[in-house]
Structures are given as C-alpha cells and as structure tokens.
Amino acid sequence: MSDSDSSQPAKSGWLLRLVSGLSKSSTRLVTGISDIFTKRKLDDAALVELEDLLIAADIGTATAGKLTTALAKTRFGKDISPEEVRTAFAADITRVLEPVALPLSVDPARKPFIILMVGVNGAGKTTTIGKLAHQFHRDGLKVSLAAGDTFRAAAVEQLKVWGSRTNSPVVARDTGADAAGLAFEAVMEAKKRGDDVLLIDTAGRLQNKDALMAELQKIARAIAKADPTAPHATLLVLDATVGQNAHSQVEIFKSIVGVTGLVMTKLDGTAKGGVVVALAEKFKLPVHYIGVGEGADDLRPFTSQSFARSLMGLSPES
C-alpha cells in the first residue's frame, strides 16, 4: 500500500470531523438560505436578507457585502435554488481563504525552530501546544516545551502531562517565576539537546493589558537574546466561540508581539465559525491550524476549500 493510499482513511476521517465540527455554523446558514429562497427570485429584498444572515454568522460586513454583490452580478432577477446560493458562496469564500491557508513550515536550518504561543486564557493555548507537540513528534521531530504561563499552576501541570505523552522535555519553574528567564533557559537547553522544535507557552491575562504587553515583550527579548533570529513563529490561538471579539484580540496581540499566524480552536462548539472568513479578509494573517475537538488529531492544517464548503453545508470535496 502506498503512503497516499494509507493516508486516505485519515483524510476522510478528518473531513467528516470537520463537517461535524462546523455543523452548528453550517446549520444556521443552510436553514437561513433555504428560508430566504423558497420559490423566490434573487431580488433586492432577498439580497438584504442574505447579507444580514452572513453578518449574523460572523462572516463580517465587508465579506458579506462582497459575497452578495458577486451573486447579484450573475443571478439578479433569476430563479435560484438554496444549493446554488451556497455553492456560489463556498466558491467565493474559498477565494478569500486561499491566500491565508498556509501550513506552518518548520525550518530545519533553525535548530530549535522556536514557536512562541500567545492568546487569552481559555483560548486553548496549552492544549494546542500539546497537540502540536504530538504532531511534530509523530513526524519524527525532537520537541521540547516551555511552561511560560507561570501564573497558572494548572497550565504548567497540563503541559507536563503533554510532555510525558509526547516524550518531550518540559522546562517549568515554580508558580510566579519570571517567564522571560524561563524562556531564555528553555532556548539554551533546547539548543544543547539539539531539539528540532521548541514550543513556548505564555500567560494570557487581558484584564491588565499593559502588564501582559510588558511581559510578552520581555519574553520576546529574552528569546532573541538566546537566539537573535527567534522567535521563528509567533502563533495567536483564538477561541472561535468568541466570534467578533476575535478581531480585537488579533489587533492587541499583533501590536504587542507581531503575530505571524493564527490557530483557531473550538470550532465544534460554536455557530460563529464564519469569523475565520472575517479575520482572513481583514488581517490577511496565515491561518495555520483549526481545531474541531479535544483529541490530539482534531487539530489540523487549515485548508480553504474544505472549510468553505463545510461552512456552507456542502460536501467538503467538490
């Protein structure tokens, strides 16, 4: 059996989980579009209703306007079925997402390839680090973890569990220890071991933005002191259930630490999956991974067409 044959069941399993994970978001859109287009032509009133539906699904005002305008250009005044609307939207959303659907590439020339993970508490940062460690380890890479969220004992313990699961050394200190000092030590230790990847967790308290900003900038400086080319990637983990609030989180973290890519978690727990489209349109930042469940394999590289079609309640592969 070839590699491509053996990967087929895994791929189809993931696509099924993606469809299932986006079902809350897609059901809302499928039902809404069907309600609008029951024996009805595409007229001005229908376009307004469609745009409102897309905005309510967190797809964003700008994207909603573009989608309905594009539909009107070819179909205005004509009979159109709900499926035709969804198919047209899926194709246009795919085009919006294509430029940001970029896999995270670990540069083997950077040893270790240092990934700084940022995001608010509760977004799923620590779990995402564990899932990434699992995937990198499975790909044959030597991985280490740094428990930089030193304020939350639970985050440190969680990271240690993932470390033992993935055979990855974890650099951790007592609660309240200096996170920048820990990050520096983690880089030095990872270099000494010859690790391929180092994943660094951070605290995510947004209540006092200034303190968070100062701490993250200090961590970034400490990493750069240990390796002037690092961090090589700064990933912002976003919880999809927050919907439009994700926009302000991207703006804040981008201004603090120069985010290079996004990871969207908890898409299975929300009807706000459209926010991925709005973020792509507005920020143009790479979306490296999406998560639709708790399992280690429920975090996967983001692909534009399968996401767009699943969001519109269509088979992920046209």
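We did not get these values from a lab; they are worked out from the coordinates using the rules stated. Treat the numbers as computed from the prediction; the structure is a model and nothing was measured. Cβ placement follows ideal geometry from the backbone for every residue including glycine, while neighbour counts extend to all protein chains displayed.
Tell me which residues come under 5 Å, amide H to amide H, from residue 113 once H is placed; ignore anything under 5 positions away on its chain.
Excluding prolines and chain starts, which carry no amide H, the hits are 197, 198.
In whole Å, what three semi-axes, largest first, describe the equivalent ellipsoid of region 3-100 built from its Cα gyration tensor (square root of 5 times each eigenvalue)?
Equivalent ellipsoid semi-axes, largest first: 29, 14, 13 Å.
Please turn the phi angles of region 78-95 into ³J(HN,Hα) values with the Karplus equation 6.51 cos²θ - 1.76 cosθ + 1.60 (θ = phi - 60°), one per residue in order, whole Hz, x for glycine and proline.
With the stated coefficients, region 78-95 comes to 10, 5, 8, 8, x, 5, 4, 4, 5, 5, 5, 5, 4, 5, 5, 5, 4, 5 Hz.
How tilted is helix 44-56 with respect to the longest principal axis of the chain? Cα atoms for both, answer in degrees (0 to 90, nearest 10).
For helix 44-56, the angle is close to 20 degrees.
Find how many whole Å separate the alpha carbon centroid of region 88-166 from the alpha carbon centroid of region 284-318.
The two parts, judged by their Cα centres, are 16 Å apart.
Could you run the Karplus curve 6.51 cos²θ - 1.76 cosθ + 1.60 with θ = phi - 60° over region 174-181 and give me ³J(HN,Hα) per residue in whole Hz, x for Gly and Pro?
Values per residue, Gly and Pro as x: 5, 4, x, 5, 5, 5, 5, x Hz.
What is the spin-label model distance, in nm, from residue 24 to residue 174 if the labels are put 7 Å beyond Cα along the C-beta direction?
4.1
Can you show me the helix-derived [θ] at 222 nm for the chain, built from DSSP H runs with n ≥ 4 at -39,500 (n - 2.57) apiece and divided by the number of residues, rounded to the nearest 500.
That comes out to -17000 deg cm²/dmol.
Once you have the Cα-Cα distance between residue 229 and residue 110, take 0.36 nm times their residue separation minus that, and quote the gain in nm to one decimal.
42.0 nm
Please compute the length gained on full extension between residue 185 and residue 91, using 0.36 nm multiplied by the number of residues separating them and subtracting their Cα-Cα distance.
29.1 nm
Leaving out same-chain residues fewer than 8 places away, which aspartates and glutamates sit with a Cα under 14 Å from that of residue 209?
Qualifying aspartates and glutamates at Cα under 14 Å: 251.
Along Cα→Cβ, 7 Å out, is where each label goes; now give me the distance between the ones at residue 248 and residue 284 in nm to one decimal.
A separation of 2.6 nm, rounded to one decimal place.
Each label point is 7 Å from the Cα along the Cα-to-Cβ direction; what then is the distance between the points at residue 12 and residue 84, in nm?
Here the modelled spin labels are 3.2 nm apart.
Can you tell which of 214, 155, 146 shows the greatest fluctuation in a Gaussian network model of the chain with Cα springs below 10 Å?
214
What's the ranking of 156-164, 170-178 by average number of surrounding C-beta atoms within 10 Å, highest first?
156-164, 170-178
Among 184, 89, 151, which comes first, second and so on when ranked by fewest other beta-carbon atoms within 10 Å?
The fewest-first ordering by Cβ neighbours comes to 151, 184, 89.
Rank by packing, highest mean first: peptides 67-75, 116-124, with packing defined as the count of other Cβ atoms within 10 Å averaged across residues.
116-124, 67-75
With a Förster radius of 51 Å, plug the Cβ-Cβ distance of residue 70 and residue 205 into 1/(1 + (r/R0)^6) and report the FRET value to the nearest 0.05.
The formula returns an efficiency of 0.75 here.
If you scale each eigenvalue of the Cα gyration tensor by 5 and take the root, what three semi-axes come out for region 115-165, rounded to whole angstrom and sorted largest first?
Rounded to whole Å, the semi-axes are 19, 12, 9.
Any idea which of 126, 244, 180 is furthest toward the positive side of the dipole for region 113-303, if Lys and Arg beta-carbons carry +1 and Asp and Glu beta-carbons -1?
Positive-most Cα among the choices belongs to 180.
Would you kindly work out the equivalent ellipsoid of the chain from its C-alpha gyration tensor and give its semi-axes, the square roots of five times the eigenvalues, largest first in whole Å?
Computed over the chain, the values are 39, 21, 15 Å.
What is the dipole size for the chain, taken about its Cα centre, with +1 at each Lys and Arg Cβ and -1 at each Asp and Glu Cβ, in debye to the nearest 20?
I would put it at about 320 debye.
Counting other beta carbons within 10 Å of each residue's own, what order do 250, 96 fall into, fewest first?
250, 96
Using 1/(1 + (r/R0)^6) with R0 = 35 angstrom and r between the beta carbons of residue 165 and residue 218, what's the FRET efficiency to the nearest 0.05?
It comes out at approximately 0.70.
Fewest to most neighbouring Cβ within 10 Å: what's the order for 149, 201, 107, 92?
107, 92, 149, 201
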